[in-house]
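Right, one structure below, let's go through it.
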Amino acid sequence: MSQPSFYVLSDGQRKQYSSHDTSRAGFHHQNLATFCENVNSAAKRAFPNRGRSRYETVNACLIRWEDDDLGVQQELDALNAVLRDYGFLTNVFLIPKLSSHWDLMRKTLDFIQDRDNDKNLFVLYYAGHGRINSARQAEWVFGQDLNYPFVDWSAIQGLFGTAKSDVLILLDTCAAASSATTTQFAVMETIAACGFERRAPPPGEYSMTNTLVDVLRDWINKLSFSAASLHTEILFRLKLKEKKKGREGVPLEWCVTPIHWINAKDCKAVGIEICRRSVPPLLSATSDSSLEEEQPSTFVDAMDIDFDDANSSSTPLSSVSSTGCYKVPHVLITLQLEENQSLDTEQTARWLDRFPLLAKWVKVEAVFPSYSTLMIMSVPLPIWDMLPDHPACSFIGYVNAPSVSCPSRSGGGKAAGVIIISSHERRHSREPRESRDSSIIYKEDRIFHIDRPTLETRDTTGR
C-alpha cells in the first residue's frame, strides 16, 4: 500500500523541536488558589449549561477551491447537508484560480456586512491545501507548486476579528494552527485538523471533516453542546481508528490529533454552543436508543454538572468506564507554583484540602519539590481547551485512563494517591525502599515503577 498524498507544508524554516527545552523553567504561577479559579472558570466556559441556543441566527460559510484537485467536494457537501439539518443557513464559496485573494476577500466582506450582529453565530469551514509563508502566516493554496494561486487567509480571517458575532472556525488543512487571530468583541473558537507545522490526512476515513460530519449527525438531537465538547469527541473518535500498515509493514499515522483554541477579549466569556434549531428530528438521527448507548462517546450533558457544589470531589467528566478508561479524555499538565510547600504526605493532604475546586475538576497525580512546588495534574480535555494560557502551565500529553503507577483516590479524599517525592530523601537513600504512598522504588539514580496487579518492574529512567 502506497503512502497517502498529504497536504504539503511551505518550504520555509521549520521549528526545531527539542527534548531539552527549558525555556519555561523560570515561570511560576502566583498560587494554587488562582489556578483553581481559572480551572473553575474554564469548566463553566466549556459547559455553559443553557440547554438552548443563545443565537437567533447561524450562518455557515463553506470554502474550497473551484477546481477541486484534492477531492474535498464530497465531504464538504456532506457537511453542508448536516449543517442544513441543524437549521443553519449555509453558503458555499468557491475560490477561483484568478484573483483568488481579492475574490474571497470581497465575498467575505459581503458575508459579514449582510449578516453580522451580536445574536448571530458564524461557522467558517475550509478544506484544501495549506502552508505557512515566510512571515509565518497561513496561506491557502490551489496546489502543491509554489507558483500556484494562493489566498492570504490570515488577512481574511482578521476581518472576523472585528465582527459582533461569535465565530466558530473549522479548518481541515495543513499548518492550520498558524491561522490564530484575535477578536475585539465576540468569541472566536477554532478546531483545526492539525498543529502549526503538521500535515492533515487527505479526504477519507481519517480526515477531520469525515469525523466531524459523523459527530454532528449523532449529536443532532442533543439539547446543546459546546465547541470544546465537539473537539473532544472528534479527537476521541479519531484516536479509536486503527493505524494502517504502509510499505514493509511500517505503521502510518494517518490520524493527526485535532487541536482547539479560543480567542476572546473577555477571559470569562462562555464558549460557543451548538444545537439544532427548530427543525423536525431526522429519521437517521432517531435510531434505537439502545444502539446509541453501545457506542462509546465523550458527551456530557451540562445539566448533569453541579457547578455550585464546591465540596463534590467528582463529576461526570472524571467518571471511569468498566474498561478502566475515562469517559472523557484527559490532558496531563505540569504546574509550577511560586509557593514552596513542606512536602510530606500529611502536610500535602491538608494543603490540597484547602482547594476543594481542585479536586472537583482536576486530579493531582504528583507533587515534587522544585525550588518551589511542581505539580503534575490530569485535566478533562474540554476544560483544558478553555484554560487560559500561562507559561508556568505546560502540556505533557493526552491520557485516556487513570495512572497505573499510583493508587486511585479513595474515600473521597482529595489527596489520596498523590505521589510525594523528596529530593533530599532520594539523594541520601542508600538502600532501595518502597514508598508507602506510591508504587515507586528508588535505588541509586534509577527509578522503578511497580505495576501493582502484576508486580512487574519497569525501569523508567532509560539508559
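Within the set A155, A180, A127, A138, the sole residue that is of a type in the set (A, V, I, L, M), buried (at least 21 other Cβ atoms within 10 Å of the Cβ) and at pLDDT below 95 turns out to be A138.
Among the residues that make up segment 87-107, is at least one of them within 18 Å of A155 (Cα to Cα) and among the β-branched types (V, I, T)? Taking every residue of segment 87-107 in turn, at least one turns out to be within 18 Å of A155 (Cα to Cα) and among the β-branched types (V, I, T).
Taken across segment 420-430, residues that are in a strand (DSSP E or B), at pLDDT 90 or above, within 25 Å of N311 (Cα to Cα) and in contact with a strand residue (DSSP E or B) (Cβ under 6 Å, 6 or more places away or on another chain) do not occur at all.
One line per residue, one yes/no per condition, for (1) at pLDDT below 90; (2) of a type in the set (A, V, I, L, M); (3) assigned to a loop (DSSP other than H, G, I, E, B):
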{"site": "D308", "(1), (2), (3)": "yes, no, yes"}
{"site": "S314", "(1), (2), (3)": "yes, no, yes"}
{"site": "L317", "(1), (2), (3)": "no, yes, no"}
{"site": "L335", "(1), (2), (3)": "no, yes, no"}
{"site": "V364", "(1), (2), (3)": "no, yes, no"}
{"site": "P388", "(1), (2), (3)": "no, no, yes"}
{"site": "Y398", "(1), (2), (3)": "no, no, no"}
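Within segment 62-78, no residue satisfies the criterion of being basic (K, R) and in a loop (DSSP other than H, G, I, E, B).
Could you tell me how many of the residues in segment 337-362 are part of a loop (DSSP other than H, G, I, E, B) and of a type in the set (A, V, I, L, M)? Step through it out loud before you land on a result.
Our first condition is that a residue be part of a loop (DSSP other than H, G, I, E, B); within segment 337-362, this holds for 338-344, 354-355, 362.
Still in the list and also of a type in the set (A, V, I, L, M): 343, 362.
Summing the residues that are part of a loop (DSSP other than H, G, I, E, B) and of a type in the set (A, V, I, L, M) in segment 337-362 gives 2.
Of all residues in segment 297-313, those that are free of Cβ contacts under 8 Å to residues at least 60 places away in the same chain and surrounded by fewer than 15 Cβ atoms within 10 Å (Cβ to Cβ) total 6.
Among R64, R54, R45, which is the only one that is touching a strand residue (DSSP E or B) at 6+ places or on another chain (Cβ under 9 Å), surrounded by fewer than 16 Cβ atoms within 10 Å (Cβ to Cβ) and not aromatic (F, W, Y)? Give the steps one after another, and end with the answer.
On the way: R64 fails: surrounded by fewer than 16 Cβ atoms within 10 Å (Cβ to Cβ); R45 fails: surrounded by fewer than 16 Cβ atoms within 10 Å (Cβ to Cβ).
Going through R64, R54, R45 in turn, the sole match is R54.
At negative phi, in contact with a strand residue (DSSP E or B) (Cβ under 7 Å, 6 or more places away or on another chain), part of a helix (DSSP H, G or I) and at pLDDT 90 or above: which single residue out of H260, H231 fits that description?
On the way: H260 fails: part of a helix (DSSP H, G or I).
Selected residue: H231, the only one of H260, H231 that is at negative phi, in contact with a strand residue (DSSP E or B) (Cβ under 7 Å, 6 or more places away or on another chain), part of a helix (DSSP H, G or I) and at pLDDT 90 or above.
Only one residue in S321, S342 is closer than 21 Å to S403 by Cβ and either of a type in the set (G, A, S) or modelled with pLDDT under 90 (or both), so which one is that?
Only one candidate passes the filter, namely S321.
So which residues in segment 366-386 are more than 15 Å from E37 (Cα to Cα) and either hydrophobic (A, V, I, L, M, F, W, C) or in a strand (DSSP E or B) (or both), if there are any at all? Spell out the reasoning first.
Residues of segment 366-386 more than 15 Å from E37 (Cα to Cα): 366-378, 380-382, 385.
Listed by number, the residues that qualify are A366, V367, F368, T373, L374, M375, I376, M377, S378, P380, L381.
Would a scan of segment 73-82 turn up a residue that is of a type outside the set (G, A, S) and either more than 28 Å from G271 (Cα to Cα) or over 27 Å from the mean Cα position of the chain (by Cα) (or both)? Scanning segment 73-82, I find at least one residue that is of a type outside the set (G, A, S) and either more than 28 Å from G271 (Cα to Cα) or over 27 Å from the mean Cα position of the chain (by Cα) (or both), so the answer is yes.
The values are calculated or read from the model by the stated rules, or taken from the named source; none is laboratory data. None of the values given here were measured: they were computed from a predicted structure. Here the Cβ is made from the backbone with ideal geometry for all residues, glycine too, and neighbour counts use every protein chain on show.
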